[in-house]
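Only one structure is covered here, and it is reproduced in the block below.
The values are calculated or read from the model by the stated rules, or taken from the named source; none is laboratory data. Since we're looking at a predicted model, the values are computed, not measured. Positions of Cβ are backbone-derived with ideal geometry, glycine not excepted, and every protein chain shown enters the neighbour counts.
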Amino acid sequence: MDFKFCPQCGEKLFPKVCGDEGEIPFCNKCGRPFFSFSYTCVICLCVTEDDSEIALIKQKYVSDSYVNVAGYVKRGEVPENTAVREVREEIGLETVSCGYVGSYYHAKSDNLMLGFICKVRKAELKTSVEVDSAEWFPLKYAQQLLRYDSIGWNLLNDHLKNVEKKRKVSEESHEVSQ
């Protein structure tokens, strides 16, 4: 978000050099800068505990394609709690474990998306009013359902790389123990 007016007093902001940040919108009345920021959101890859299936949703107001569960971080909420809350709210599942994968920038909506793997027990998906439909899919098949190079697609691929690394390490340690 780029500020043009002071969110505290309403005065027009003017550029002022602030250290090594360069020119920043500044309120002369309040005597403070207002740095631009992106809204923070979570995006959740909801996978079964054995990494065999993924739950994807459709939200017509977002996309015609399948997407991941996602939502805004509320004031005072830590991102891990947001991920757990969004999974519960959007598809009615309880998260068994939740792990941060990485950050992704969504330019279209100026959102910083924090990617999480949410391990869930497979159960019937119960959608909220903001979700048009939800389905379980084999994990590898999900790559074809998510829009190529979308944040959800990249989060899935980052997770698949981690799953493959763990599999290789497990095989190597098994070979060493024999």
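Is it true that Glu164 is among the charged types (D, E, K, R), surrounded by fewer than 14 Cβ atoms within 10 Å (Cβ to Cβ) and touching a residue at least 40 places away in the same chain (Cβ under 8 Å)? Steps first, please.
Working: among the charged types (D, E, K, R): yes; surrounded by fewer than 14 Cβ atoms within 10 Å (Cβ to Cβ): yes; touching a residue at least 40 places away in the same chain (Cβ under 8 Å): no.
So Glu164 fails the test.
Within segment 135-143, is there a residue that is assigned by TED's automatic domain parsing to the domain that holds Val69 and assigned to a helix (DSSP H, G or I)? Before the answer, list the steps.
Here is the first cut: in segment 135-143, the ones assigned by TED's automatic domain parsing to the domain that holds Val69 are 135-143.
Narrowing the set further to residues that are assigned to a helix (DSSP H, G or I) leaves 142-143.
For segment 135-143, residues assigned by TED's automatic domain parsing to the domain that holds Val69 and assigned to a helix (DSSP H, G or I): present.
Run down Glu124, Glu130 and say which single residue is loosely packed, with under 14 Cβ neighbours inside 10 Å and closer than 20 Å to Asp64 by Cβ.
Values: Glu124 fails: closer than 20 Å to Asp64 by Cβ.
Every option except Glu130 fails the conditions.
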